[in-house]
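The values are calculated or read from the model by the stated rules, or taken from the named source; none is laboratory data. Because the structure is a prediction, the values reported are computed rather than measured. Positions of Cβ are generated from backbone atoms using ideal geometry, with glycine treated the same way; all protein chains shown enter the neighbour counts.
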Amino acid sequence: MEAKKKKMVVSSILALSLMATLAGCSSGNDGSSAAEGTQAEGNSASGKEPVTLTYFSEDSSTNWNNMQDEVGKIITEKTGVKLDAEFAVGDPVQKISLIAATGDYPDLIAAKADVGKLVEAGAILDLTELIDKYAPNIKKMLGDKLVRTKYSLDDQAIYAIPTWSSVEEKKFKADGGFELQHRVVKEAGYPEIRTVKDFEKVIQDYITKHPTDENGNKNIGFSLNADDWHMYQVTNSGFQTTGGPDDGEYYIDQKTYQATYHFRRPEEKKYFRWLNHMNDIGLLDPESFVQKTDQFKAKVASGRVLGLADPEWDYGDGQNALKTAGKFDQTYGHYPVTMSKEYKDTSFWPAGFDGGYGISISSKTKDPVRAIKFLDFLASEEGQILSNWGIEGEHYTLENGKRTIIPEVQEQMNKDGAAFQKKSGIGLYWNLMVHYGDGIKDSTGNYFTRNYPELLTANYSEPEKEALKAYNAEHWKDLFPKEEEFQPRAYGAAYTMSLPNDDPAIILGAKMKDITWKRIPEAVMSKPEDFDKIWDAYMAELEKAGVKEMEESYTKHIQNRIKLWSSK
């Protein structure tokens, strides 16, 4: 069936479902009308018998507790909805492909760039009408940014409620860049950590003096997590150290909007040559490209890994174990490391709001109105405060108008974050909701999220405070180039675009990934004298596989997104 015909069928299913829902709700037992359920903010979204919705997410959720956590129980109480959830194990793209191919659609699906597979299969609904009629909180929050949720210039349906990008945000917390243990920089006298050579030197000096830990185990200079999709974290450093914003696998020229497969930039060859050098001198973990994520986290938890180039959410479990053990000097600070000072770290280059990724409602959902109302509750101010802060009186207090986490609760968060989250549910529902990010205040004048300057300061350990003071900084963000130093990107973040499954950028992109994930480890782990030969063969292989055609296709999509977002 052609995609257009499938869309018509899905629209018919939705229309019938809406009619059935309206008929069933038009004269409830309490005499209320269906329209009364659409009021914004704080309304209970239930009004019906409890229902279980099936849910699949491409992101893992190791602390998921089947909504039996404290926050989850309140969400169910408010909405009548429970989730029968499944999270991706292994390659999430394969699971989405399987869902699309088999027709076994969960009620709610959280897909990323491969949402195009679901669109083509007729697996998900156009949410435009549902949002307009039944989701006042979502509609209010998105406002004039609603255009950014449209699928494409040619198909302006809304297939997903965006959840991975905050509608508005002013970040206070640095959680990326390159990381060094506090004890390493302290021993070095807190020198400037600005280039890869600075990073390398403090590690080399420390490991020369301390080749092993207190138990005689070998210290590791610099470790990478390249397990399956985590390879992206490894390769992203190529553009991050050479002035490129995070646009996924592409470097986008900010004037012409031409897309280049970012590995083809000569600047990035220098970064991977530096990794090769780190391997050659014994500072790179030799298991970087073969270890599994659990092994990587266990090494971090052991305190033996001196340096990282990894987002905090990826190594955080290992760092939390160090905190639990009281080894705060072996936790990490964040540094804006680039190849040389001619480049700026782009961690805080704003992308603006991206509407690409999020929650979709499947075409087989029996009650899409119920599903959208559930998501709308999560988007309400009540829902966001509940998800971020927990329950008033149990997790936080509101005194003189100021919301504050109860000290004993904060201590539990700091001591054992994973176990606390599983019990409380705080922060567990973030990727289910369209939301405001850090630095945005609610109607009471309090921040929506718990990442705000005063609380960050309160949670710093003594070694962390000492390091920040030595660098004349209040927060790690102070070491990084500020948002104002960058021009906003007219297309948002390129990686959030959802493309048709048969698009050359998708088909050829899969080939480029296979080539890159083979060649990068080969080049990094080779003898230095073989690096150029392997890199040249890599570049030639990309060209032979059609990288220029892929770039041309992606360029067209970037330029079309700019046209769409500029439309009224």
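If Val234 satisfies every condition in (1) in a helix (DSSP H, G or I); (2) β-branched (Val, Ile, Thr); (3) touching a helix residue (DSSP H, G or I) at 6+ places or on another chain (Cβ under 6 Å) but one, which is the exception?
Unmet for Val234, out of (1) in a helix (DSSP H, G or I); (2) β-branched (Val, Ile, Thr); (3) touching a helix residue (DSSP H, G or I) at 6+ places or on another chain (Cβ under 6 Å): (3).
Got a number for residues in region 532-562 being more than 24 Å from Gln254 (Cα to Cα) and among the aromatic types (Phe, Trp, Tyr)?
2
Checking Asp91 against (1) closer than 21 Å to Phe374 by Cα; (2) at pLDDT 60 or above, only one condition comes out false. Which one?
Against the list (1) closer than 21 Å to Phe374 by Cα; (2) at pLDDT 60 or above, Asp91 comes up short only on (1).
Tell me whether region 239-253 contains one or more residues that are in a helix (DSSP H, G or I) and farther than 12 Å from Ser223 by Cβ.
Yes - at least one qualifying residue is present in region 239-253.
Take the residues in region 179-201 that are without any contact (Cβ under 8 Å) to a residue 40 or more places away in the chain and of a type outside the set (Lys, Arg); name whichever of them is surrounded by the fewest Cβ atoms within 10 Å (Cβ to Cβ).
Gly189
Looking at region 396-429, which of its residues are surrounded by 18 or more Cβ atoms within 10 Å (Cβ to Cβ), touching a residue at least 60 places away in the same chain (Cβ under 8 Å) and either in contact with a Phe, Trp or Tyr (Cβ under 7 Å, 6 or more places away or on another chain) or not in a helix (DSSP H, G or I) (or both)?
Passing the criteria: Gly425, Ile426, Leu428, Tyr429.
If you check every pair at least six apart or on different chains, which have Cβ atoms under 7 Å apart with a residue in region 297-319 that is under 21 Å from Thr241 (Cβ atoms) first and a residue that is modelled with pLDDT of 95 or more and part of a loop (DSSP other than H, G, I, E, B) second?
Taking only residues 6 or more apart or on different chains, the pairs are Val305/Ser223; Leu306/Asn219; Leu308/Ser223; Asp310/Asn225; Asp314/Asn225.
Please verify whether region 384-391 includes one or more residues that are under 24 Å from Ser165 (Cα atoms), aromatic (Phe, Trp, Tyr) and either under 22 Å from the mean Cα position of the chain (by Cα) or not in a loop (DSSP other than H, G, I, E, B) (or both).
Yes, some residue in region 384-391 is under 24 Å from Ser165 (Cα atoms), aromatic (Phe, Trp, Tyr) and either under 22 Å from the mean Cα position of the chain (by Cα) or not in a loop (DSSP other than H, G, I, E, B) (or both).
In region 104-126, what count of residues is obtained for those that are over 23 Å from the mean Cα position of the chain (by Cα) and in contact (Cβ under 8 Å) with a residue 40 or more places away in the chain?
7
Can you spot a residue in region 487-501 that is surrounded by fewer than 16 Cβ atoms within 10 Å (Cβ to Cβ), within 22 Å of the chain's Cα centre (by Cα) and farther than 23 Å from Pro245 by Cβ?
For region 487-501, residues surrounded by fewer than 16 Cβ atoms within 10 Å (Cβ to Cβ), within 22 Å of the chain's Cα centre (by Cα) and farther than 23 Å from Pro245 by Cβ: absent.
Only residues that are among the charged types (D, E, K, R) and in contact (Cβ under 8 Å) with a residue 40 or more places away in the chain: list them for region 514-546, please.
Lys527
Out of the residues in region 207-221 that are of a type outside the set (Ser, Thr, Tyr) and assigned to a helix (DSSP H, G or I), which is surrounded by the most Cβ atoms within 10 Å (Cβ to Cβ)?
The residue in question is Ile207.
For region 81-103, which positions are among the basic types (Lys, Arg) and touching a Gly at 6+ places or on another chain (Cβ under 9 Å)?
Lys82
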